[in-house]
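Heads up: the structure comes next, in structure tokens.
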């Protein structure tokens, strides 16, 4: 398999790198955190101008016709600077759902608005008590008023507090854990009966709890075939896992570089700590884990469009385990080698550590995906 980037992909990566290097220093990031949304609206507009928000969409929808590799390149650069903007929630999760299940009218209306930065999306599927079980849906949708009426609650909706529209899963048939009977809806975030409580996650990114009480939606707001939403949800989650893997690689690269530089400048007993053999060994182990994680993130990226659902799920689970373990190891070693300063709020490495932990536990932690893989060989 050819892993070389095309000239266009290199140009994309270089463009994003230059933008973020100029605008996303660690001190600048602290300023973005203080903004009302917890991220930079100005930078979001620049993402749109650069074409990043429409990157994976077709040209007729204001996009550039990119694929998983292009998304990987962007997410890797965002991970390198701990970007706070809702790229994952809007472009990857929400955008994937619209690409897979949206009608021609929905795509023509919504995707261009995502591409130009005027529409932000949230993917509201997870519920309290469901943990990582994608079939565990208690939110209901019942026919009424010429459309549907939604009741229930969604938990940890990434950037759900700033989303303009939410893609909400609800049960239209079957019992709580039935794979069939789950339907997706596009719901206006300002709809009567919908309430949001936004908060900051441990890694300083934003999420929200969503409650729905008699929220009315029309037939035109149904996303895909009623009752057949689970395969779409699975594909959205797999796209999210692949994108987060690339983000983890960017974060690991930043931590490895910071730790290497620190070992060259921090002195103990009259010499840099990097001259100690044990420190050199740990730096080497960090680099090997980083490269292993990079390979697993690439595996996830190339598996996103695998047509065989079972094989795709297996490869994605393997990749999630691999890059999750690598990110945990690299971040732990970075903290250890920095010593006390690594745990302070004023130093960046601790923030990378927390982001990597959140990534590892998103869309199924290492233990969950290991159990999935084990069940396939029993």
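The values are calculated or read from the model by the stated rules, or taken from the named source; none is laboratory data. Please read these numbers as outputs of a predicted model, since none were measured by experiment. We place every Cβ from the backbone using ideal geometry, glycine too, and count neighbours over all the protein chains shown.
Observations on the model:
- Residue in the range 176-183 that is outside any loop (DSSP other than H, G, I, E, B), surrounded by 15 or more Cβ atoms within 10 Å (Cβ to Cβ) and not assigned by TED's automatic domain parsing to the domain that holds residue 100 present: yes
- Test result for residue 5, more than 27 Å from residue 363 (Cα to Cα) and in contact (Cβ under 8 Å) with a residue 12 or more places away in the chain: yes
- Verdict on residue 122 being in contact (Cβ under 8 Å) with a residue 60 or more places away in the chain, more than 20 Å from the chain's Cα centre (by Cα), buried (at least 17 other Cβ atoms within 10 Å of the Cβ) and part of a strand (DSSP E or B): no
- Subset tally (residues that are part of a loop (DSSP other than H, G, I, E, B) and in contact with a helix residue (DSSP H, G or I) (Cβ under 7 Å, 6 or more places away or on another chain)) for the range 144-162: 1
- Test: residue in the range 21-37 that is assigned by TED's automatic domain parsing to the domain that holds residue 86, touching a helix residue (DSSP H, G or I) at 6+ places or on another chain (Cβ under 7 Å), in contact (Cβ under 8 Å) with a residue 60 or more places away in the chain and under 30 Å from residue 196 (Cβ atoms): no
- Looking across the range 199-223, the residues that are in a strand (DSSP E or B) and in contact (Cβ under 8 Å) with a residue 60 or more places away in the chain come down to 200, 206, 208, 210, 212, 213, 214, 215, 216, 217, 222, 223.
- The condition of being surrounded by fewer than 16 Cβ atoms within 10 Å (Cβ to Cβ), more than 21 Å from residue 207 (Cβ to Cβ) and in contact with a helix residue (DSSP H, G or I) (Cβ under 7 Å, 6 or more places away or on another chain) holds for only one of 54, 65, that being 65.
- Within the range 329-351, tally of residues that are in a helix (DSSP H, G or I) and out of contact with any helix residue (DSSP H, G or I) (no Cβ under 6 Å at 6 or more places or on another chain): 6
- Unmet requirement for residue 29, which otherwise passes all of (1) crowded, with 16+ Cβ neighbours inside 10 Å; (2) in a loop (DSSP other than H, G, I, E, B): (2)
- Residue in the range 82-92 that is assigned to a helix (DSSP H, G or I), farther than 22 Å from residue 202 by Cα and in contact (Cβ under 8 Å) with a residue 12 or more places away in the chain present: yes
- Here residue 108 meets the list (1) buried (at least 24 other Cβ atoms within 10 Å of the Cβ); (2) in contact (Cβ under 8 Å) with a residue 40 or more places away in the chain; (3) in the same structural domain as residue 71 (by TED's automatic domain parsing) almost entirely, failing just condition (1).
- Test: residue in the range 320-329 that is over 30 Å from residue 129 (Cβ atoms), touching a residue at least 12 places away in the same chain (Cβ under 8 Å) and more than 19 Å from the chain's Cα centre (by Cα): yes
- Looking only at the range 196-213, residues that are under 21 Å from residue 145 (Cβ atoms) and either in the same structural domain as residue 100 (by TED's automatic domain parsing) or exposed (fewer than 13 other Cβ atoms within 10 Å of the Cβ) (or both) come to 0 in all.
So that you can scan it fast, the table gives a plain yes or no per residue for (1) more than 16 Å from the chain's Cα centre (by Cα); (2) outside the structural domain of residue 330 (by TED's automatic domain parsing); (3) without any contact (Cβ under 8 Å) to a residue 60 or more places away in the chain:
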residue: 52; (1), (2), (3): no, yes, yes
residue: 61; (1), (2), (3): yes, yes, yes
residue: 66; (1), (2), (3): yes, yes, yes
residue: 73; (1), (2), (3): no, yes, no
residue: 77; (1), (2), (3): no, yes, no
residue: 80; (1), (2), (3): no, yes, no
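- Matching residues, the range 280-304, being more than 15 Å from residue 329 (Cβ to Cβ) and in a helix (DSSP H, G or I): 280, 298, 299, 300, 301, 302, 303
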